[in-house]
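Contents: one structure, followed by commentary.
The values are calculated or read from the model by the stated rules, or taken from the named source; none is laboratory data. The model shown is predicted, which means the values in this text are computed figures rather than measured ones. Please note: Cβ atoms are built from the backbone with ideal geometry, for glycine as well, and neighbour counts cover all protein chains shown.
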Amino acid sequence: MTTIYILWLRQLKRYWRSRSRIFGSLGQPIFLLISLGFGMKSTFAQAGRGDYINFLSPGIIAQAVIFMAIFSGIELIWDRQFGFLKETLVAPVSRFKIVIGRTLGGATVAVLQGCIVFILTLFVGFRPTNIILLPVALVILFLISILYTALGTAIASTLKDLHGFQLIMNFLVMPSFFLSGALFPLQEAPNLLKNISLMNPLTYGVDALRQILTGTGYFGIETDILILTTLSTLLLIIGSYLFSKIEI
């Protein structure tokens with residue numbers, strides 16, 4: 001437990017020291033909230049779907065979380081390139097505990113980022129329907145963070161090149177966001193697009209957040225939590241296995 005706590009604390013210290021990273025990563029969520037939220041607001045209302053900012057905000061919060069979570073894999077490659085990872089791997093600690101510590105640290109940082117974006121959405125007009133359920137929303141954010149942090153670790157464990165990781169992320173993160181139902185209602189999507197979205201883990205995270213924060217959803221909160229928990233556990237196991245194969 002000491003090792004897990006130290007690695008978790010190390011991730012938080014990195015996050016706090018990188019203030020430029022904190023504010024820099026807020027640029028895209030703010031841009032999407034303003035440009036799409038206000039640009040599509042009247043069209044969404046005329047279609048009888050209600051307030052588009054209320055619909056969009058849970059997806060933007062989830063987007064901020066997955067970007068921060070999955071890019072924690074970059075830190076793994078940095079540590080590997082500059083020799084810091086070797087110091088950790090030679091310690092008499094199981095690599096599974098190392099992965100758990102790094103994953104929990106990355107997930108905590110991602111949740112903090114999601115909370116910051118949540119506060120920003122309140123300034124542009126987002127109004128949660130039930131504030132009492134906010135702790136449940138934190139649980140959903142943590143599940144999403146664990147899932148994508150573990151995914152980032154799994155991918156980074158197989159790569160040595162930082163540019164290769166960024167290339168893979170560009171083909172993974174953005175499609176995952178756009179096909180999650182964050183920007184459009186799945187109920188009215190074409191069948192092909194809907195079926196693709198069903199295979200996207202983030203779809204269930206966005207749906208769960210939307211149900212908790214706005215009271216509207218597509219799958220049901222039980223289904224969302226079950227799928228998120230199952231996929232998080234599976235990716236954590238895969239990430240731990242791939243990390244154990246890293247050579248010093």
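Things worth noting here:
- Here residue 189 does not qualify as touching an Asp or Glu at 6+ places or on another chain (Cβ under 6 Å), of a type in the set (A, V, I, L, M) and within 21 Å of residue 58 (Cα to Cα).
- Scanning the range 217-248 for residues that are surrounded by 13 or more Cβ atoms within 10 Å (Cβ to Cβ), touching a Lys or Arg at 6+ places or on another chain (Cβ under 8 Å) and either hydrophobic (A, V, I, L, M, F, W, C) or without any contact (Cβ under 8 Å) to a residue 12 or more places away in the chain (or both) yields 217, 243, 246.
- Flag if residue 8 is modelled with pLDDT under 70, surrounded by 17 or more Cβ atoms within 10 Å (Cβ to Cβ) and over 16 Å from the mean Cα position of the chain (by Cα): yes
- The range 166-185 residues that are within 20 Å of residue 224 (Cα to Cα) and free of Cβ contacts under 8 Å to residues at least 40 places away in the same chain, paired with ones that are hydroxyl-bearing (Ser, Thr, Tyr) and outside any loop (DSSP other than H, G, I, E, B) (beta carbon under 7 Å, 6 or more apart): 179/197
- For the range 125-132, the criterion of being of a type in the set (A, V, I, L, M, F, W, C), in contact (Cβ under 8 Å) with a residue 60 or more places away in the chain and in a helix (DSSP H, G or I) is met by no residue.
Yes/no matrix, rows are residues, columns are (1) part of a helix (DSSP H, G or I); (2) aliphatic (A, V, I, L, M); (3) over 22 Å from residue 156 (Cβ atoms):
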site: 197; (1), (2), (3): yes, no, yes
site: 211; (1), (2), (3): yes, no, yes
site: 217; (1), (2), (3): no, no, yes
site: 227; (1), (2), (3): yes, yes, yes
site: 238; (1), (2), (3): yes, yes, no
site: 242; (1), (2), (3): yes, yes, no
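- The residues of the range 189-248 that are of a type in the set (Asp, Glu) and out of contact with any helix residue (DSSP H, G or I) (no Cβ under 8 Å at 6 or more places or on another chain), listed by number, are 222, 247.
- Every listed requirement among (1) at pLDDT 90 or above; (2) surrounded by fewer than 17 Cβ atoms within 10 Å (Cβ to Cβ) is met by residue 209 save one, (2).
- When the residues of the range 159-181 are filtered to those that are in a helix (DSSP H, G or I) and either touching a helix residue (DSSP H, G or I) at 6+ places or on another chain (Cβ under 7 Å) or among the aromatic types (Phe, Trp, Tyr) (or both), the one that is farthest from residue 57 (Cα to Cα) is 162.
- Scanning the range 111-156 for residues that are surrounded by fewer than 23 Cβ atoms within 10 Å (Cβ to Cβ) and under 15 Å from residue 73 (Cβ atoms) gives 154, 155.
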